[in-house]
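The values are calculated or read from the model by the stated rules, or taken from the named source; none is laboratory data. The model shown is predicted, which means the values in this text are computed figures rather than measured ones. Reconstructed Cβ throughout: ideal geometry from the backbone, glycine too, with neighbour counts over all protein chains shown.
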Amino acid sequence: MKVDRWEEYQTFFQLIILRYLVVWFSLVPVIAGIINQLPTPLPITLMGVTHNIELTLPFHWQLLWLSSLSFVIALGLFKLFCPKFVQKYSSFSEYSSYNNHPRWLAWEAHGLLKSANINQKKKLVERLSKKKYLTKLDVNLDKNLCDEPEVNEKQTVIKFRVDGQSYEFGMPIVQTTHDESSEKDVFYELFGRYSESYYPARFIIKILLIISLVLFLWVLGQHICNGAGFVWDWILEVALLRNSMELNQEPTI
């Protein structure tokens, strides 16, 4: 099963219509508690005539509640495990809107290397090395990551070690004339590594959303079938009424 990246979940969870599942999850226990205390059928008197109202829904609200529960758990896992970098910056244009100095990406890279697994680190090194954004150090570091970025005259620099080889990375890029393209390039390399992190959490979210969708479609099918029954009865009533009118209609000469 293909597991979506974090930015795809970020877009999905921002859909306003899906927030109604959270509202339903919150309101159903309250509504169910009130309904259970009412008699069924519920007698209502209007203009001296008593009508018995059946307090039933055209679908199983329990299924919709379970669908909402699956969605709420998935949303909670997203908020818990999705990297703050991805939640805050959904694209480079959004990152640029904060007017961060290019040096800030060195701090972001430092944060990534703190939490990244070995495969993410190797991929980051491979990609940045190909683009000549990394410098190999002749002397190996005695630890995997420096305590914090070092602010120099032209760059903010971090030093780290991956697979026994030590590297230095600094922003802004000074090996070439700095422009926004190199900053954008580095941003998306960091974004890409963040977005593929915490695979188990993303997998569980995917399963929960599938469960939520299946239950929701089941409820929707019940609702459609129930509504179709009412429409069919209405069509039959109209047809019978028309036939009755045609039978009672006197022929004209």
Completion exercise
Among (1) part of a loop (DSSP other than H, G, I, E, B); (2) more than 28 Å from E7 (Cα to Cα), S90 falls short only on (2)
Completion exercise
Restricted to the stretch 232-253 and to residues being of a type in the set (S, T, N, Q) and not in a helix (DSSP H, G or I), the residue modelled with the lowest pLDDT is T252
Fill in the blank from the handout: Across (1) surrounded by fewer than 18 Cβ atoms within 10 Å (Cβ to Cβ); (2) more than 25 Å from the chain's Cα centre (by Cα), F169 clears everything bar (1)
Practice task
Please tell me if E183 is touching a Phe, Trp or Tyr at 6+ places or on another chain (Cβ under 9 Å), among the charged types (D, E, K, R) and in contact (Cβ under 8 Å) with a residue 60 or more places away in the chain.
Solution key: yes
Practice task
Output the residue which, of all residues in the stretch 146-176 that are hydrophobic (A, V, I, L, M, F, W, C) and in contact with a helix residue (DSSP H, G or I) (Cβ under 7 Å, 6 or more places away or on another chain), is nearest to K123 (Cα to Cα).
Solution key: V162
Handout entry: Odd one out for K143, checked against (1) assigned to a loop (DSSP other than H, G, I, E, B); (2) touching a residue at least 40 places away in the same chain (Cβ under 8 Å); (3) of a type outside the set (A, V, I, L, M)
Key = (2)
Exercise for the section: Please work out which residue is modelled with the highest pLDDT, limiting yourself to the stretch 168-218 and to residues that are part of a loop (DSSP other than H, G, I, E, B) and among the acidic types (D, E). Expected result: E196
Problem - Which listed residue, of V162, V151, V174, is assigned by TED's automatic domain parsing to the domain that holds E189 and surrounded by 17 or more Cβ atoms within 10 Å (Cβ to Cβ) - result: V162
Practice task
Working carefully through the options F78, F59, F85, F71, find the one that is surrounded by 12 or more Cβ atoms within 10 Å (Cβ to Cβ), in a helix (DSSP H, G or I) and modelled with pLDDT under 90.
Solution key: F71
Problem - Sole residue being crowded, with 17+ Cβ neighbours inside 10 Å and in contact with a Pro (Cβ under 7 Å, 6 or more places away or on another chain), chosen from E189, E183 - result: E183
Fill in the blank from the handout: When the stretch 146-164 is checked residue by residue, the ones that are without any contact (Cβ under 8 Å) to a residue 40 or more places away in the chain, over 34 Å from the mean Cα position of the chain (by Cα) and not in a strand (DSSP E or B) are N152, E153, K154, G164
